[in-house]
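What follows draws every value from the coordinates through simple rules; no lab data is involved. All values derive from a computational prediction rather than experimental measurement. As a convention, Cβ positions derive from the backbone with ideal geometry for all residues, glycine included, and neighbour counts pool all protein chains shown.
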Amino acid sequence: MKYGNSFFSITILTLILSVFAFGQTAKKTVTASKTSSSTQKDWSKLFSFDAFASGFYDTNIDHDDVETGATGTSYGAVVRFKTSEKLPVFKVRYEIANNYFNNSNSRWNRITHDLTASFEAGTKRVAFETVANMNLKGSIEEREITDYYSVKQLVKFRLDKRNRIIGFGTYRIKRYQDNPLKNSKNPIGGVNFEHSFGRGRILEVGYRFERNKAEQNQHSYNRATYKVEYKMPLVGKSILSLDAQYRQYKYDTINSIIRRDKKWIANAQLDIPISKRFVLSPSYRFENRRSNVTGKDYNANLFGVTLRFKWRADD
């Protein structure tokens, strides 16, 4: 598709510019390191590496009205780079993961890639961030395997020490290898409000609206999402993360029928540091969808646990 090819080209161009910026930063840092050993130490702090292994049990992996349960595993690695230790202008992140589930539908067994590059600049009051992302065979909000390419612009307003507002707009292209009729353009806009209670306790509420324009009308829809998130530290530097979302869907008219869906989502995760480098994270996710179209209702429960190894060159 023409728009897909052009957007893909824009994404690739953005990533090329990101690599160029990385190369220029590396060149300057290497040059400086020849005259200062302290600069060499600072350079090492710009990289980080994670490795992870996860186990899952999903009561309804296909999100159908007829439930199909499955156990699964995922393991992979994440590499990060930033131009400075504090307030970096440029950051890049790459993740690769191998996913395997034991159910009969082998489409869930796949290797996923996620590459993100971001630029941020501004003042203490207002900051602007541009994010380019490419994800291959990932699973986005609708629990579907897709390739997607996106550019996101954020504007962050700090109201005071404890409050800030973040407005954002995203343009995303989605590609489905198993069903090209789902291929779509997906513009998104929204706003989040964050409040810090102090001592690591953060509340976030948000709203976003999006248009998913697919090749075939039955896969096109408008969606509104309302969310609330809360993070708080617990004993022993553990962090509890909770969030809830409510989504409303209105699909394009098909044979005089307007499909309308409502979905509730709840997530809980506890990050438990078990050593300097290892973090254990049990998690739970619940989804409930109700639709005016027969066969589209479902419930799903996802139980998981992840062990993550964290490394930085200066450790």
Quick one: dipole size for region 2-312, taken about the Cα centre, charges +1 on Lys/Arg Cβ and -1 on Asp/Glu Cβ, in debye to the nearest 20. 1360
Give me MET232, MET134 sorted ascending by neighbouring Cβ count inside 10 Å, so fewest comes first. MET232, MET134
Sequence-distant or interchain residues sharing an amide H contact under 5 Å with ILE254, placed H: which? ARG259
Enumerate the calculated ³J(HN,Hα) couplings along region 142-158 in order (Karplus 6.51 cos²θ - 1.76 cosθ + 1.60, θ = phi - 60°), each rounded to whole Hz, writing x wherever the residue is Gly or Pro. 8, 6, 10, 7, 8, 9, 9, 10, 9, 10, 10, 10, 10, 10, 10, 10, 8
Provide LYS231, LYS82 in ascending order of the number of other Cβ atoms located within 10 Å of each residue's Cβ, fewest first. LYS231, LYS82
As a footprinting exposure proxy, order PHE90, PHE197 by other Cβ within 10 Å, with the fewest listed first. PHE197, PHE90
